[in-house]
Amino acid sequence: MSGMQFALWLALLVTLGLLTVNVGLISRSLRLQRASSREHAFWVLCQPGASATARERAFRQLVAEGNKEWRSADLHELNLAGISLPGADLQGALFVRSSLGGANLARARFCNGSLEQADLSGADLSQADLSETQMLRAILKKTNLHRAKMRATSIEQVQAEGADLMLADLSDANCLMANLAGAKLDGANLSGARLDAAVLKGASLSLTRFDGADLKNAEFTNANWWRARGLRPGQIEFLKQQFAPTAAADPALKQDYAKWLGDAGRN
């Protein structure tokens with residue numbers, strides 16, 4: 001190898017070495033910038049004076065970056081209608097009075113958080129984990145909660161007309177004065193749930209479990225309660241006396257009730 005060739009190879013190696021160092025420095029700089037940006041976004045969410053728009057922007061950034069710690073963040077009254085966050089980890093987040101109508105939150109994890117007075121009408125929360133979540137007076141009209149985990153969740157005074165709660169786990173849930181009129185509760189687990197003064201008018205209750213549930217003053221007008229499971233004999237007698245299908249009930253519902261009465265009489 002001539003001296004000229006050696007010099008060229010040496011120059012090439014030095015150049016490659018410098019490029020490698022520069023790439024490493026740039027990569028490190030970008031990581032530091034991202035970390036700084038993420039810290040700033042979380043700072044915005046924790047500042048009491050930050051505007052709703054700034055907090056919404058910071059929240060979306062943190063979700064996109066996979067943030068999983070929300071306990072100190074102020075997420076109340078955010079406008080997140082229509083947002084798509086399937087499978088997001090939002091444990092401990094406090095969305096008090098936030099708008100999440102029409103949002104895609106399927107399989108999201110909200111456990112131990114708060115959705116009090118939040119608007120979730122028409123949102124997709126299928127298979128979401130809402131265990132021990134506070135949902136006082138939340139709006140759940142036509143919300144998809146199919147197979148949702150809602151064990152020990154408080155849905156006190158919610159407006160959940162027409163909600164899909166099929167196969168949802170609502171065991172030990174607080175459903176005091178919840179409006180579940182027309183809701184689909186087929187196969188749902190309401191064992192041990194508190195349903196005092198809850199409205200289940202026209203609800204679909206096939207194979208719904210009510211083992212140990214408190215049904216004091218609950219309304220079952222034109223709901224097929226006789227197809228539920230776990231009702232005590234005393235509760236069944238009370239429901240027969242107070243909530244047989246009305247004259248205005250769907251004919252199919254009245255026929256099913258008559259069939260059930262006949263089957264019960266033969267057993």
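The table below gives the values:
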{"read-out": "Those residues of the stretch 200-209 which are part of a strand (DSSP E or B) and within 19 Å of residue 144 (Cβ to Cβ), in sequence order", "value": "204"}
{"read-out": "From the options 230, 234, residue that is small (Gly, Ala, Ser) and either without any contact (Cβ under 8 Å) to a residue 12 or more places away in the chain or farther than 30 Å from residue 152 by Cβ (or both)", "value": "234"}
{"read-out": "Single residue of 203, 181, 163, 152 found to be hydrophobic (A, V, I, L, M, F, W, C), without any contact (Cβ under 8 Å) to a residue 60 or more places away in the chain and farther than 30 Å from residue 244 by Cβ", "value": "152"}
{"read-out": "Subset of the stretch 48-107 [charged (D, E, K, R), within 19 Å of residue 140 (Cα to Cα) and either touching a His at 6+ places or on another chain (Cβ under 8 Å) or buried (at least 19 other Cβ atoms within 10 Å of the Cβ) (or both)]", "value": "97"}
{"read-out": "Close pairs from the stretch 81-96: first on the phi < 0 side of the Ramachandran plot, partner modelled with pLDDT of 90 or more and not in a loop (DSSP other than H, G, I, E, B), Cβ under 6 Å, at least 6 apart", "value": "81/99; 84/104; 86/104; 89/109; 91/109; 94/114; 96/114"}
{"read-out": "Selected residue [out of contact with any Cys (no Cβ under 7 Å at 6 or more places or on another chain), part of a helix (DSSP H, G or I) and either modelled with pLDDT under 95 or of a type outside the set (Phe, Trp, Tyr) (or both)] from 197, 181, 248, 264", "value": "264"}
{"read-out": "Residue identified as part of a loop (DSSP other than H, G, I, E, B) and over 30 Å from residue 210 (Cβ atoms) among 152, 81", "value": "81"}
{"read-out": "Matching residues in the stretch 227-245 - criterion: being part of a helix (DSSP H, G or I) and touching an Asp or Glu at 6+ places or on another chain (Cβ under 8 Å)", "value": "227"}
{"read-out": "Residue list for the stretch 193-209, filter: buried (at least 23 other Cβ atoms within 10 Å of the Cβ) and within 19 Å of residue 172 (Cβ to Cβ)", "value": "193, 195, 198, 200, 205, 208"}
{"read-out": "Positions within the stretch 184-194 being within 23 Å of residue 248 (Cβ to Cβ) and part of a loop (DSSP other than H, G, I, E, B), in sequence order", "value": "185, 186"}
{"read-out": "Condition check for residue 124: surrounded by 22 or more Cβ atoms within 10 Å (Cβ to Cβ) and either within 13 Å of the chain's Cα centre (by Cα) or free of Cβ contacts under 8 Å to residues at least 12 places away in the same chain (or both)", "value": "no"}
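The values are calculated or read from the model by the stated rules, or taken from the named source; none is laboratory data. Here the structure is a predicted model, which means the values were calculated and not measured. In this analysis, Cβ positions are derived from the backbone assuming ideal geometry, glycine residues included, and neighbour counts consider all displayed protein chains.
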